[in-house]
Amino acid sequence: MIDSQMPFVPFQRDKHAYVLPKVSRSAADPMAPDFPIPPPELRLGYARAPDVYLANGQRNVQTMLELLRAAGAHLERGTRFLDFGCGAARMLRWLADFASHGEVWGTDISAEHIVWCTQHLAPPFYFLVNTTLPHLPFEDRYFDVVYAGSVFTHIDDLAQTWFLELRRVLRTGGMLYVTIHDRHSIDLLTHAVPWREVPFAAFLRQNQDYAAFAHTNFAMFTLGRATESQVFYDIESLCERLHGLFTVRSVTEEAYGYQTAVLLEKP
């Protein structure tokens, strides 16, 4: 849990001082065939094996780009992307072609992740630490595409405010791609192999609140609060909640593992 007086996760938060060593440019060379891979402790549970970690991120980006193009997004030279909640850039690293002719930014509340990304992946990408409070230091209508892979799965009370902030930094006609837990996710985690065998499914089976909420007529529920939350939506209720702010372009189940992807356009 983040300290209430510190609305982000500081780098080396158990120390009162720190130093960042220089990283050799060869390790961060944007022309290298492969970018450095983060250590296992920064991979956020997305696989300890490097090849699986890389393939997972590449697959998620390919799915996102396919859905964007199917919705009519023009992903051309000069496109500006924002990865909101980028972690160690598992997805962002696969947007290097756009970074060379446009801008690709990653933000996260975890300074540990942003420090690693800045030292090893910048250039060609850009990174900054944001807070849990809904504010991003970008101009209005700056980005063409904003995406958030498994981020709104951890935002409860401030979700609507964050949707509005991401809408602010999107240009008119820009696209917002988010992945969420929904009723289909619940079905997969309950019944489908291999999802019912993952640690998250085991956590849910043991959670009394989940047992009480999951099969009710919910619009949304959260297990835990703030950054410790696991948030679930009824997809129809979420789309109604965003009506007037965005146009829903597509809803794609299992686009991000057991999560559902919602593609929104700023009118």
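A few points about this structure:
- The chain - percent relative contact order, Cα under 8 Å, separation 6 or more: 18
- Packing-based ranking, highest mean first, of 258-264, 169-175, 70-76, 43-49 given that Cβ atoms within 10 Å are counted: 258-264, 169-175, 43-49, 70-76
- For the peptides 116-125, 220-229, 206-215, residues were scored by their other Cβ atoms within 10 Å and the scores averaged per peptide; the highest-first order is 116-125, 220-229, 206-215.
- Share antiparallel - DSSP beta bridges, the chain, percent rounded to 5: 45
- In terms of its C-alpha gyration tensor, region 184-267 comes out prolate, because a/c is 1.5 or above and the ratio a/b outweighs b/c.
- Our coupling estimate for region 199-216, obtained by passing each phi through the Karplus curve with A = 6.51, B = -1.76, C = 1.60 and θ = phi - 60°, is x, 5, 5, 5, 4, 5, 4, 8, 9, 5, 5, 4, 4, 7, 9, 4, 10, 8 Hz, Gly and Pro reported as x.
- Amide H contacts of GLY106 (H built 1.01 Å from N, under 5 Å, at least 5 apart or other chain): ASP83, TYR126, PHE127, LEU128
- When the Gaussian network model of the chain links Cα atoms closer than 10 Å, the mean-square fluctuations of PHE203, PHE84, PHE127 top out at PHE203.
- Summing Lys and Arg as +1 and Asp and Glu as -1 over all other residues whose Cβ lies under 12 Å from the Cβ of ASN60 gives a net charge of 0.
Bear in mind that the values in this text are calculations on the coordinates, not laboratory data. This one's a predicted model, so the numbers in the text were calculated from it and none came from an experiment. We place every Cβ from the backbone using ideal geometry, glycine too, and count neighbours over all the protein chains shown.
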